[in-house]
1. Sort LEU101, LEU24, LEU221 by accessible area with a 1.4 Å probe, largest first.
2. Which value, in Å² and to the nearest 10, is the accessible area of VAL141 when all protein chains are kept and the probe is 1.4 Å?
3. Can you pull the percent of segment 23-81's accessible area that's carbon plus sulfur, 1.4 Å probe, other chains left in place?
4. So for segment 41-149, taking the charge dipole from beta-carbon charges (+1 Lys/Arg, -1 Asp/Glu), which of GLY102, TRP119, GLN83 sits furthest toward the positive end?
Amino acid sequence: MPFDDHHKLNGSDGSWDPNSSLNLVSFWVTDVDRAHRSKNSVSINGILQVAITIGGLYGAKPYSNNPMFNIYPGHSELTIPFQGIVSDSEGNDGETVMCLLGNAMLPYRYPDSSNPWDWVKEPGYINQPPLIQDDRILLVVRYPKAFTLTKRTIYGSLKSLNAKSSQKYFDEVKISSSLSASANYEFTSENLVSKACTPYPYKDNFTNTGLGLYKGADFCLILERFTGQDPLTVVPNWKCNQTDEICSKLGPFE
């Protein structure tokens with residue numbers, strides 16, 4: 001995408017630092033057609049935003065489902081609406097896969113490959129940037145069903161289905177997002193985890209000995225003081241030989 005680097009930062013010399021710009025992507029699912037779902041997939045609509053920006057100027061959900069391209073000094077943003085399916089079958093190697101076709105208004109490139117964005121230097125480009133319509137954009141997003149040590153990244157690709165000779169063609173864009181704080185992380189029976197948990201790092205009988213057992217009235221206040229409202233991981237009884245419903249139960253509390 002074109003990017004206007006004439007925006008001056010308040011640095012020591014007043015110059016623009018190209019390393020301060022960020023390449024970012026956001027994706028929102030806007031509609032799920034559950035009424036016409038198949039056995040292993042369901043139709044969805046979504047919006048993808050791709051941006052080159054300085055810090056603090058990106059992240060708001062688009063207010064419309066129309067394809068758009070916005071550019072001003074220090075910020076370029078491409079909004080692409082998509083339609084397609086999301087599949088959650090066993091053949092996806094433990095992943096939820098989205099496959100969607102998008103419609104975009106791409107910034108126009110001059111034939112001169114060494115200077116494709118020369119129009120950015122022209123006065124008034126912000127009000128009316130030259131655009132070209134493209135409805136042959138493929139987005140594939142892969143989302144692990146369970147985050148583990150070896151599968152903890154959302155990843156995908158943005159591809160042009162046009163011929164390389166087309167004015168609308170662009171190189172494949174790789175997309176990735178690391179594990180977020182809200183993701184449901186799972187320790188699996190992988191070799192690394194098995195070694196790390198031998199011997200098991202928790203004492204199974206500490207409540208039976210009375211060590212550290214709290215019987216006061218302000219249990220929730222004490223818990224909040226030490227957790228800071230963070231989510232807790234409940235460790236089931238390692239030696240429990242009953243059903244998961246009993247062994248994974250939090251409690252009992254007095």
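The values are calculated or read from the model by the stated rules, or taken from the named source; none is laboratory data. Values in this document were obtained by computation on a predicted structure and should not be read as measured data. Note that each Cβ is placed from the backbone with ideal geometry, even for glycine, and that neighbours are counted across all protein chains shown. Surface areas here come from the heavy atoms of the whole protein model, side chains and all, with no ligands, DNA or RNA. Shrake-Rupley method; radii C 1.70, N 1.55, O 1.52, S 1.80 Å.
1. LEU221, LEU101, LEU24
2. The accessible area comes out at roughly 20 Å².
3. Summing carbon and sulfur atoms, their accessible area is 49 percent of the total for segment 23-81.
4. Result: TRP119.
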